[in-house]
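The structure under discussion appears below in the form of structure tokens.
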Amino acid sequence: MLKIGVLVSGRGSNLQAIIDAIDRGAVKAKIELVLSDNPDAYALQRCGKHGIKYDVVERKNFKSRSDFEMSIVGKLMDSGVELVVLAGFMRILGRDFISSYRDRIINIHPSLIPSFQGLHAQRQAVDFGAKFSGCTVHIVDESVDAGPVIVQAVVPVLPEDDEDTLSDKILNWEHKILPQTVQWFSEGRVKLNGRKVVVEGAKYGTLPVNPELEIFG
Ligand code: GRF
């Protein structure tokens with residue numbers, strides 16, 4: 001059973017999606033520990049309800065970012081965590097953290113990276129006038145929202161969409177691709193070749209998302 005640690009900062013709906021997928025037996029993993037940098041994160045209440053061990057590590061209690069991060073790493077390692085899942089963790093990880101769990105940290109980002117990195121990715125997509133956006137699960141490296149892509153889901157951006165409606169549609173896919181990725185890790189199917197990820201045996205669907213081109217009948 002793959003031992004995972006989940007880092008959160010807020011609502012925790014992606015954490016909930018993993019909990020639910022484990023509960024129904026779709027994902028064979030155990031959440032050993034949830035860590036939050038925010039004591040008020042609703043995600044922690046979810047842990048309480050599901051009997052999941054959690055802890056709060058606040059940046060303000062540490063002199064340096066490195067001390068803060070190494071405290072988190074220490075807790076994850078003490079719990080035997082093998083895969084670290086960033087599920088709405090609102091901090092950029094430094095080199096020491098990343099090298100402690102090299103290629104074993106994944107993040108969910110609400111855009112098709114490398115488009116719309118950073119905060120408010122859904123608003124960026126709407127404001128830019130993109131016709132498609134989506135979400136990405138990627139391996140965390142020293143870049144910000146630009147590590148090797150494991151899986152992406154595409155969501156059309158319709159003329160009537162605003163940040164909220166697009167966020168809802170993307171979130172629906174986040175809740176699918178993040179638990180799926182955990183399961184792929186659990187099965188040992190995620191292989192990294194340079195910056196390219198291959199998920200062994202994964203099937204790729206086609207989406208009927210292209211526009212109708214009137215001049216071609
Ligand atoms: C999600 O949109 C995720 O893609 C982004 O932060 C949000 C977290 O939502 N990284 P939740 O806390 O999982 O509900």
Total residues in the range 15-42, condition surrounded by fewer than 22 Cβ atoms within 10 Å (Cβ to Cβ) and away from the ligand (no atom under 16 Å from the Cβ): 8
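Yes/no matrix, rows are residues, columns are (1) within 13 Å of the ligand (Cβ to nearest atom); (2) of a type in the set (S, T, N, Q); (3) in contact with a strand residue (DSSP E or B) (Cβ under 7 Å, 6 or more places away or on another chain):
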residue: Ser111; (1), (2), (3): yes, yes, yes
residue: Ser133; (1), (2), (3): yes, yes, yes
residue: Val140; (1), (2), (3): yes, no, yes
residue: Val149; (1), (2), (3): no, no, yes
residue: Asp161; (1), (2), (3): no, no, no
residue: Asp164; (1), (2), (3): yes, no, no
residue: Lys169; (1), (2), (3): yes, no, yes
residue: Glu174; (1), (2), (3): yes, no, yes
residue: Glu214; (1), (2), (3): no, no, no
Residue in the range 113-121 that is more than 16 Å from the ligand (Cβ to nearest atom) and loosely packed, with under 13 Cβ neighbours inside 10 Å present: no
Residue satisfying all of: in the range 7-57; part of a helix (DSSP H, G or I) and among the hydroxyl-bearing types (Ser, Thr, Tyr); nearest to Glu187 (Cα to Cα) among these: Ser13
Unmet requirement for Ser143, which otherwise passes all of (1) of a type in the set (Gly, Ala, Ser); (2) within 24 Å of Lys3 (Cβ to Cβ); (3) open to solvent by 30 Å² or more (accessible area, probe 1.4 Å): (2)
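The values are calculated or read from the model by the stated rules, or taken from the named source; none is laboratory data. Every value quoted in this text rests on a predicted model; they were computed, and no experiment measured them. Quick reminder, even Gly has a Cβ in these numbers, built from the backbone with ideal geometry, and neighbours come from all protein chains shown. Ligands, DNA and RNA are excluded from the accessible area calculation, which covers all protein heavy atoms including side chains. Shrake-Rupley method; radii C 1.70, N 1.55, O 1.52, S 1.80 Å.
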